Amino acid sequence: MKKNILFPQVNGLLHGGDYNPEQWLDRPDILKKDIELMKEAGINSVTMGVFSWAVHEPTEGNISFDWLAPIMDRLYENGIYTILATPTGARPAWLDEKYPSAMRCNEMGVRNHHGVRHNHCMQSPEFREKVRIIDTALAQKFANHPGLLMWHISNEFGGYCYCDTCRKKFQEWLAKRYDHDINKLNKAWWTTFWSHTFNSFDQIDPPYANGENCVMGLNLDWKRFSTWSATDFMRFEIDTLRSAGANEPTTTNYMEMFYDYDYHYMSQFIDVISWDNYPEPHNNWQSDEAHLLERSFNHALYRSLKPDQPFMMMESAPGVVNWRPYNKYRRPGMHNLISMQAVAAGSDTVQYFQIRKSRGSSEQWHGAVIDHIGTNDTRIFKEVASLGADLKKIDEITGTLSDNKVAILFDWDNRWAIDDAWALANDTKNYDKTCMEIYNEFMSLGVEPDIVSSNGDWSRYKVICAPMLYVLQDGIGEKIAEFVEAGGQLMSTYFTGYVNKDLLANLGGFPGDGLDKVFGLRSEEIDTLYPEDEISISILDKTDKRSHSIPVHDYQELLRDVTADVLAKYDNDYMAGTPAITRNSYGEGHAYYVACRTNQNDIEFLYREMLENANIVYTKLPVGIEKHSRFSEDCRYDFYLNCSDKPVAISGVSGLDLLTGKDIDKQLTLEKYGVAVIKNKL
Ligand code: GLA
């Protein structure tokens, strides 16, 4: 049974991408051909209007969508839906000329010149008024159009603005956060240090590059404010569309491991999660399987932002991008693999930037479904069309969801705070990488984790890993304690629970906020290692004897007051003989603490133990194989992806392969970059 949760009017998965007919208005022959080619490639949706403001409104107040309406109608008549963008990602020259406040100021507070894109001030009242006018007109014209699927708000929100308007807004935001009490802010930011005390909120600047930028609380609050500011702008656009009669769902396209804003916060205010996926396969530093696993982590992160519905892969490159130092084409088969990986991980769409390659300007050499040659027989076109046909074969997975029992905690505040802390070694903090390595270890056991925030909903999980959870938000110590007490398996590491949400060190020992009792230990020192340092730990067997040794890199903590079971001890240097990995029974569950950084694969026994304690079935997968599962009410769909460039046999797989129509009996063999979608009744 097909159930399209995102777009009930669409039968099956979406296949399409960014389409810019405004570049070809003087070529009706091309516009006509585009539709034929799209149909041939199995394309059923386009995203239009992303940067079309200057076409919509060539001079101030002179708004017309006469160019767009017939194109949208024609696409719809041909079975192709439209995702319509608000055009605010780039501004017409007249706007910046007349309203310079629309242009962003850089980190020195200096105003940018007109040009490029994504450089607007989200708080400029003049800019907002122009946005209100164009968005209202768009919604009045196109809301409820039968071909309109959703609203795409602006494009790839990002960056910070240091203008005076934003400075003022920051001060107001701080006053609200600290109850209009400057002493409360001074306390939270520990401003007696270096005479940084403020007398009033209006003395506070953004962290200018040539100003105050070493008050950790200020830096973090600036990032929180900038998240709020971008979200506030996005909400303003959504509210404008809604007030003008738009009822369709909204999205905005996120980016890979995006750093500037907290997507957990932003996502509360949009209907559908989408992101732009630009992997770099066949690179010269990483195997394809390792590289694609990083993508897989991104998919998991974005899937987990709204776990009760599929997400969208809003953009990806047909063939090649043109903005990297080296722009290498996807080898045959890779396009299919990358696209299917998104679907496997929970996307109900495969979308591209771009459908037709532009003739000039900076993206004229970026991959596209339709190349300058304009034919249906290019390698890329054929691969896209073949994928289009495959997506139809699996359309029954539309609307199915994952059902994962393992989660990794991942917080934007924590990322920012770790990177900003004057501690450890700047080159090896690697918070993101650490989370990814934990993800990879579970994936190698055929267990797919979600990625959730510490403030998120943990109720569906039995195993949670909270690596390097340096910042403990209010109530998280208690939340972790309750999770473990109720039977959860929780693993944490060095550099956890050091500070509260204001970045003030927890007093009374780390991990703070009561977690010392949950883990049955306290940490006294964290030592930073040079890459050349040779430190190791010994894993102990069941009789507490040394079983084998594994290397430690980057960080090691000295533990004290350990009442937990000791699973490993340091071998050498001044921590020799002290606990390195522990397990504490707490209530019905277990709290594991890994006090030093190791390769995750070296401590696989921990993962196995947590999964076994939680009754989660796992199987070690062959190297290069990814497995993802999606569930309908009565079926389970297992996606097997061969991310390596060699054929791989996987034993223990049975069921119907939807792509080949063949029954698989206990052994599945996948060719290089091969994919199988195995259906089984629940
Ligand atoms: C981003 C943008 C697109 C395009 C692509 C190129 O994702 O959203 O407009 O520039 O990059 O890869």
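Some points to look at:
- Residues within the range 136-169 that are within 16 Å of the ligand (Cβ to nearest atom) and in a loop (DSSP other than H, G, I, E, B), tallied: 7
- Exactly one residue out of V675, V648 is β-branched (V, I, T), buried (at least 19 other Cβ atoms within 10 Å of the Cβ), within 30 Å of T434 (Cα to Cα) and touching a helix residue (DSSP H, G or I) at 6+ places or on another chain (Cβ under 9 Å), and it is V675.
- For the range 470-478, the count of residues that are assigned to a loop (DSSP other than H, G, I, E, B) and in contact with a Gly (Cβ under 9 Å, 6 or more places away or on another chain) is at least one.
- For the range 368-386, the candidate set comprises residues that are in a loop (DSSP other than H, G, I, E, B) and crowded, with 24+ Cβ neighbours inside 10 Å; within that set, the residue that is farthest from the ligand (Cβ to nearest atom) is V369.
- The numbered conditions (1) farther than 17 Å from L641 by Cβ; (2) free of Cβ contacts under 8 Å to residues at least 40 places away in the same chain; (3) within 14 Å of the ligand (Cβ to nearest atom); (4) out of contact with any Gly (no Cβ under 8 Å at 6 or more places or on another chain) are all true for W365 except (2).
- Matching residues, the range 438-467, being touching a strand residue (DSSP E or B) at 6+ places or on another chain (Cβ under 6 Å) and in a loop (DSSP other than H, G, I, E, B): G446, V447, E448, S454, Y461, P467
- Tally, over the range 549-561, of residues that are in contact with a helix residue (DSSP H, G or I) (Cβ under 9 Å, 6 or more places away or on another chain) and more than 10 Å from A580 (Cα to Cα): 6
- Residue match in the range 231-246 (condition: more than 15 Å from the ligand (Cβ to nearest atom), of a type in the set (A, V, I, L, M) and closer than 24 Å to T434 by Cα): no
To keep it simple, each residue is scored yes or no on (1) surrounded by fewer than 16 Cβ atoms within 10 Å (Cβ to Cβ); (2) modelled with pLDDT under 95.
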position: N199; (1), (2): yes, no
position: D202; (1), (2): yes, no
position: C214; (1), (2): yes, yes
position: T227; (1), (2): no, no
position: T231; (1), (2): no, no
position: R235; (1), (2): no, no
position: T240; (1), (2): no, no
position: A246; (1), (2): no, no
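- Any pair with Cβ under 8 angstrom, 6 or more apart, that starts in the range 607-625 at a residue that is in contact (Cβ under 8 Å) with a residue 12 or more places away in the chain and ends at one that is part of a helix (DSSP H, G or I) and among the hydrophobic types (A, V, I, L, M, F, W, C): Y607/F442; Y618/L611; L621/M443
- Hey, S267 modelled with pLDDT of 95 or more, polar (S, T, N, Q) and within 24 Å of L149 (Cα to Cα) or not: yes
- Residues that are within 14 Å of the ligand (Cβ to nearest atom), within 18 Å of N44 (Cα to Cα) and more than 12 Å from the chain's Cα centre (by Cα), drawn from the range 294-351: M314, E315, S316, A317, P318, Q351
- Checklist (1) under 18 Å from T231 (Cβ atoms); (2) out of contact with any His (no Cβ under 9 Å at 6 or more places or on another chain); (3) within 16 Å of the ligand (Cβ to nearest atom) applied to R117, failing item: (1)
- Here the condition is being touching a Gly at 6+ places or on another chain (Cβ under 6 Å), in contact (Cβ under 8 Å) with a residue 24 or more places away in the chain and of a type in the set (G, A, S); of G520, G497, it holds for G497 alone.
- Evaluation of G360 against the conditions (1) among the small types (G, A, S); (2) within 15 Å of the ligand (Cβ to nearest atom); (3) surrounded by fewer than 23 Cβ atoms within 10 Å (Cβ to Cβ); (4) in contact (Cβ under 8 Å) with a residue 24 or more places away in the chain shows that the sole unmet condition is (4).
- The single residue among E60, E22, E40 that is surrounded by fewer than 19 Cβ atoms within 10 Å (Cβ to Cβ), within 16 Å of the ligand (Cβ to nearest atom) and on the phi < 0 side of the Ramachandran plot turns out to be E22.
- Of the criteria (1) over 25 Å from V10 (Cβ atoms); (2) of a type in the set (D, E, K, R); (3) touching a residue at least 24 places away in the same chain (Cβ under 8 Å), which one E97 fails: (3)
- Close contacts from the range 16-37, counting a first residue that is in a strand (DSSP E or B) and a second that is away from the ligand (no atom under 16 Å from the Cβ) and of a type outside the set (S, T, N, Q), with Cβ to Cβ under 8 Å and a gap of 6+ residues or different chains, come to G16/M38; G16/I43; G16/I80; G16/Y81; G17/I43.
- Among the residues making up the range 405-429, those that are more than 21 Å from H264 (Cβ to Cβ) and in contact with a helix residue (DSSP H, G or I) (Cβ under 9 Å, 6 or more places away or on another chain) are W422, L424, N426.
- Between A407, A423, A481, the distinction of being assigned to a helix (DSSP H, G or I) and not polar (S, T, N, Q) belongs to A481 only.
The values are calculated or read from the model by the stated rules, or taken from the named source; none is laboratory data. Computed from a predicted structure; not experimentally measured. Here the Cβ is made from the backbone with ideal geometry for all residues, glycine too, and neighbour counts use every protein chain on show.
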